[in-house]
Amino acid sequence: MVQSQITGNASEADEAARFQSKVDREIKIEPRDWMPEGYRKTLVRQISQHAHSEIVGMLPEGCWVTRAPSLRRKVQLLAKIQDEGGHGLYLYSAAETLGTSRAEMIDALHEGRAKYSNIFNYPVLSWADIGAIGWLVDGAAIINQIALCRCSYGPYARAMERICREESFHQRQGYEIMMSMAFGTKDQKRMAQSALDRWWWPSLMMFGPSDRESAHSSQSMQWKIKRVSNDDLRQQFIDMTVPQADYLGLKMPDPDLKWNEERGHYDFGAIDWAELKRVVSGDGPCNKERMTARVKAHEDGAWVREAAAAYGEKQRLRKQAAKIAAE
Amino acid sequence: MTAGHDWPLWEVFIRAREGLSHKHVGSLHASDAEMALQHARDVYTRRREGESIWVVQSTDIVASAPADKESLFDPADSKIYRHPTFYEVPDEVECL
Ligand SMILES: [Fe+2]
Ligand SMILES: [Fe+2]
């Protein structure tokens, strides 16, 4: 809302101690409260990256709107994509409370300085992929986002709560598509299996690198920006999803996947982190396509934004003149 | 749009149901008030979360400073006589 500023006469160290004690006591940090620069920076990076993911995430689904197999499927896909646009907007607003601007964040995305979720750099090859995205990608996002509802930064936590309430239909509509495909004709079942084969591993990568390798994790945990570790969230997702695949009669593309009675969790095979690295750094199947589409949409809309701004300014001046005339 | 050329920021308040007050739900960018209302409707009421919207340009909001929190609000802590529980009334006296 208002750019935060460092006020008061306490020393930096006092402020830092007071800040951490608030975080420890589960008191939310609000935009104008004192916060360490690193906390602010980490949040701006994470929230804007999250916002970009929602926006870029609309692209792979958007190209299937006109090819949805029925009106019912079309309206549900449209509603989901609209929600994702909304999620992006809630998150950009949350990031702006930290003193960055919308334009700066969007520039950073378009110039390749900001990241977005790697999952959207994979192609959507058939209608079954739309089902797999809702089921797996939104499913993984939900696990991540539920944990973020308890984040120490108020505006981020509140945006997450709102997003979580809206996400559950995304996952259910995806699973419903998977059910009609998996229980459909032989060809449909084959498409469903192929979608699962291709989306499973990238979905697991959505939780980020293993805790042993994650650079930001421990500081973020101390600040309670992050509440649950990457590996724990991933395990939670796997445990939740395997029985859902079983119900569909589909096979997980992981020969090492099996229930471990002792741990009370599924064991799973090694994740190809080299692939994640390669795709994150720009060499995925759709990185270029996504960014080209995103930048084009933004540039094509420039004249609309300018015209609206000019009209808004004219309204403001007119109102001002009328007020002066009345005085 | 280059850095620094965002439309003005607006704060959005929504009355969820008749009988409730408007509550802050978030913010958005819009070039004028009318667009702010339209965007608020699209962004914050896709599931009928409201029946009335207020939008206020963020720069028009005057907020208290976090540093003033103690001096503004702590004095109320000692005014326990402002609460009904401060007063002792015998059990046999009813409707008090
Ligand atoms: Fe979303
Ligand atoms: Fe979603």
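The values are calculated or read from the model by the stated rules, or taken from the named source; none is laboratory data. Here the structure is a predicted model, which is why all the values come from computation and not from measurement. Note that we place each Cβ from the backbone using ideal geometry, even for glycine, and neighbour counts take in every protein chain shown. Keep in mind that these areas ignore ligands, DNA and RNA; they rest on the heavy atoms of the full protein, side chains included. Shrake-Rupley method; radii C 1.70, N 1.55, O 1.52, S 1.80 Å.
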Task: Portion, in percent, of the accessible area of chain A that falls on carbon or sulfur, probe 1.4 Å - done: 56
Open item on the list: Counting other C-beta atoms within 10 Å, and keeping those with at most 12, which DSSP coil trypsin sites (Lys or Arg not before Pro) do you find in segment A:91-169?
Closed with: A:R113
Task: Partner aspartates and glutamates for A:K80 [C-alpha distance under 19 Å; skip if fewer than 8 residues away on the same chain] - done: A:E54, A:E61, A:D129, A:D138, A:E161, A:E166, A:E167, A:E176, B:D42, B:E49
TODO: Tell me the trypsin sites (Lys or Arg not before Pro) within segment A:203-297 that lie in a loop according to DSSP and have at most 15 other beta-carbon atoms within 10 Å.
DONE: A:R212, A:K251, A:R263
Open item on the list: Pairwise over distinct Cα atoms, reciprocal of the mean inverse distance: report the Kirkwood radius of segment B:9-66 in Å, one decimal place.
Closed with: 11.7
Open item on the list: Could you identify which residue out of B:A36, B:A65, B:A76 has the top mean-square fluctuation in a GNM of chain B using Cα springs shorter than 10 Å?
Closed with: B:A76
TODO: Could you work out how far the C-alpha centroid of segment A:277-302 sits from that of segment A:167-239, in angstrom?
DONE: 22
TODO: Would you mind checking the pairs A:K74/A:K189; A:K296/B:K23; A:K28/A:K226; A:K226/A:K251 and listing those with alpha carbons more than 25 angstrom apart?
DONE: A:K296/B:K23; A:K226/A:K251
Task: Nearby lysines by direct alpha-carbon distance to A:K323 (threshold 16 angstrom, same-chain neighbours under 8 apart not counted) - done: A:K314
Task: Listing of segment A:159-178 residues, each with accessible area lower by at least 20 Å² in the full protein assembly than in the chain alone (probe 1.4 Å) - done: A:R162, A:E166
Task: Two-decimal Rg to Rh for the protein assembly as shown - Kirkwood Rh, Cα set - done: 1.02
Task: Cα-centre dipole for segment A:230-296 with unit charges at Cβ (Lys and Arg positive, Asp and Glu negative), debye to 20 - done: 660
Task: For segment A:169-327, alpha-carbon Rg relative to the globular expectation (2.2 N^0.38 Å, N residues) - done: 1.63
- [ ] Stick to Cα atoms and the Kirkwood definition of Rh, then tell me Rg/Rh for segment A:192-275.
- [x] 1.00
Open item on the list: Below 8 Å, C-alpha to C-alpha, sequence gap of six or more: please give me the relative contact order for segment A:197-251 in percent.
Closed with: 31
TODO: Could you estimate the translational diffusion coefficient of segment A:1-137 from the Stokes-Einstein equation, with Rh from the Kirkwood formula over C-alpha pairs, at 20 °C and 1.002 mPa s, in whole µm²/s?
DONE: 124
Task: Rounded percent of accessible protein surface that carbon and sulfur make up, segment B:9-66, 1.4 Å probe - done: 52
- [ ] Return the single residue from A:N260, A:N121, A:N287 with maximal mean-square fluctuation; model: Gaussian network over chain A, springs between Cα atoms under 10 Å.
- [x] A:N260
Open item on the list: Charges on Cβ only, +1 for Lys and Arg, -1 for Asp and Glu, centred on the Cα centroid of chain B; of B:L28, B:A67, B:Y87, which one is farthest towards the dipole's positive end?
Closed with: B:L28
Task: Net charge contributed by nearby residues that have their C-beta within less than 13 Å of A:K224 (K/R +1, D/E -1) - done: +4
Task: Gyration tensor (Cα) of segment A:3-82, equivalent ellipsoid semi-axes in angstrom - done: 44, 12, 9
Open item on the list: Springs between alpha-carbon pairs under 10 angstrom, Gaussian network model over chain A: which of A:S214, A:S53, A:S11 fluctuates most?
Closed with: A:S11
Task: Surface accessible to a 1.4 Å probe, per residue, for the residues of segment B:9-66, Å² - done: 58
Task: Rounded to 10°, Cα long-axis angle of helix B:33-44 versus longest principal axis of chain B - done: 70
Task: Accessible area buried, both sides summed, chains B and A with 1.4 Å probe, Å² - done: 2200
